[in-house]
1. Of the options Phe210, Ala124, Phe188, report the single residue whose Cα projects farthest towards the positive end of the charge dipole of the range 2-269 (beta-carbon charges: Lys, Arg +1; Asp, Glu -1).
2. What Rg and what Dmax come out for the range 201-258 when only alpha-carbon atoms are used, in angstroms?
3. Evaluate E = 1/(1 + (r/R0)^6) for Tyr166 and Ala73, where r is the Cβ-Cβ distance and R0 equals 25 Å; express this FRET efficiency to the nearest 0.05.
4. By how many degrees, between 0 and 90 and to the nearest 10, does the Cα long axis of helix 255-269 differ from the longest principal axis of the chain?
5. Can you pull the one-decimal nm distance between simple spin-label points at Tyr193 and Asp102, each 7 Å off the Cα toward Cβ?
6. Run the simple label-point estimate for Asp229 and Tyr201 please: 7 Å along Cα→C-beta, distance reported in nm.
7. May I ask you to order 127-138, 46-57, 26-37 by the average number of other C-beta atoms within 10 Å around their residues, highest value first?
8. At what distance in angstrom do the alpha carbon centres of the range 75-142 and the range 1-65 lie from each other?
Amino acid sequence: MYGIVTRNAEEVEWPEFDVGFYEVKRVTGQHGEPVEGAVNLVSCFADTASAATEEDVVAVDAAGRPATTDHPALDAGHVCPSDEGYRNGLYEVIEACARASDGVRLDEVGFPGSEFCHCERCEAAFAESEYEERGTWRASVLTSFVAGARERVPGDLYVTLHPDPYPGHLRERSGIDLEALAAHVDEFVVPLYDTAYGTTYWLESLASGFADRLADLDVRLGVELYAVDPEVDALADAAETVAEHADGVYFGYQSGNARAVLRRWDAEAREGVEWG
């Protein structure tokens, strides 16, 4: 299965692709309208605008620093995943996406890093919870959020993962418990971005690592490639590499290059005619 990730609604209808992910809510906080026929994509807790303007919802690290773009470890602002008001707002966005088209993809689901979140809300919630270990509590916060999204999405539910398949790393970094989330998710999507794809061995390592992690779970694996800067030949090599391990290969933010890859493969598959 091949697809695209796009901000251009008309590209979702291009016939070369099996699926089109359309960005409805971006990490900037900017919103758009869901598109019929797309798998509408929602950036959940990465929201630079909300983190910058709503002090009561921003995530806070152990040193008391807010998760804004001024934080040395972050490129985008992040909202605390335990804030009920913000979560309910996300559910409204997800419901709107599901009304437009059955499938929905959730991006930026986790905490922004291992040191988050230590806001007053999280400190109180952890203290009052049944959990003795903070990492288990963090995972429960995210699992409950995804379970709530599952109830609102009638079609396939996709969740984006940070590209680290090593056991325990996702849970430590962002609170993602793969086994727990797999009960609610149809496909995990792993972005493996590079501006050139001059080598592919690392793609093989990461894609096969995730394939091994998900082998015993009833969930598909998708790999997303960056299609803007790489040459078409390099992008095609990258796609062939990850296709050996993934159920879906998706091209991000340059659908023209993605279409060129598929058309090249189609031409190469056709039998030539020799004259002479």
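Coordinate-derived values only; no laboratory data. Because the structure is a prediction, the values reported are computed rather than measured. Here the Cβ positions follow ideal geometry from the backbone for every residue, glycine too, while neighbour counts run over all protein chains shown.
1. Result: Ala124.
2. 11.8, 36
3. 0.80
4. Roughly 40 degrees between the two axes.
5. Inter-label distance under the simple model: 3.1 nm.
6. 2.2
7. The packing order, highest mean first, is 46-57, 26-37, 127-138.
8. With the range 75-142 and the range 1-65 each reduced to a Cα centre, they are spaced 15 Å.
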